[in-house]
């Protein structure tokens with residue numbers, strides 16, 4: 001699954017990047033960024049591994065999308081406090097924005113298979 005592979009690769013990139021942040025952020029921002037980035041592929045994997053229903057899978061994908069947005073927030077924060085280079089910021093924001101779109105499209109596709117959209121899509 002492309003969205004899982006991409007999210008896993010990005011989690012590895014974020015992990016390596018976070019190790020370059022100042023030591024005083026090790027148990028704060030660095031840890032939060034790593035946990036959020038790992039949560040994206042973790043929840044994709046858990047949703048598909050449980051394989052109970054499309055509703056459950058969509059629920060885990062929603063959590064993944066939330067974690068994806070959390071990564072984007074932390075990247076924005078790093079930019080504002082000048083702890084990320086413009087190149088790294090642009091790279092990660094581009095990748096995580098695209099990943100968010102992939103997750104949303106996957107959820108929408110699965111919801112269509114259920115024939116009843118989940119509550120988060122009721123305004124679409």
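Summary table below
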| read-out | value |
| --- | --- |
| Meets criteria (loosely packed, with under 13 Cβ neighbours inside 10 Å, touching a residue at least 12 places away in the same chain (Cβ under 8 Å) and assigned to a helix (DSSP H, G or I)) for residue 34 | no |
| Considering residues of the stretch 77-93 that are free of Cβ contacts under 8 Å to residues at least 12 places away in the same chain and not in a loop (DSSP other than H, G, I, E, B) only, the residue nearest to residue 3 (Cα to Cα) | 91 |
| Residue pairs meeting the criteria (Cβ under 8 Å; at least 6 apart or on separate chains; first at negative phi and in contact (Cβ under 8 Å) with a residue 60 or more places away in the chain, in the stretch 49-62; second surrounded by 19 or more Cβ atoms within 10 Å (Cβ to Cβ) and in a helix (DSSP H, G or I)) | 54/111; 58/47; 58/107; 58/111 |
| Check on residue 110, over 18 Å from residue 19 (Cα atoms) and either in contact (Cβ under 8 Å) with a residue 60 or more places away in the chain or not in a helix (DSSP H, G or I) (or both) | no |
| Flag for residue 75 being crowded, with 19+ Cβ neighbours inside 10 Å and within 9 Å of the chain's Cα centre (by Cα) | no |
| Total residues in the stretch 5-31, condition buried (at least 16 other Cβ atoms within 10 Å of the Cβ), in a helix (DSSP H, G or I) and touching a residue at least 40 places away in the same chain (Cβ under 8 Å) | 7 |
| Subset of the stretch 78-95 (residues that are over 19 Å from residue 19 (Cα atoms) and surrounded by 16 or more Cβ atoms within 10 Å (Cβ to Cβ)) | 95 |
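Bear in mind these aren't lab numbers, they're just calculated from the coordinates by the rules spelled out. From a predicted model like this one, the values you see are computed outputs, not experimental measurements. Ideal geometry is used to build each Cβ from the backbone, glycine not excepted, and the neighbour counts take in all protein chains shown.
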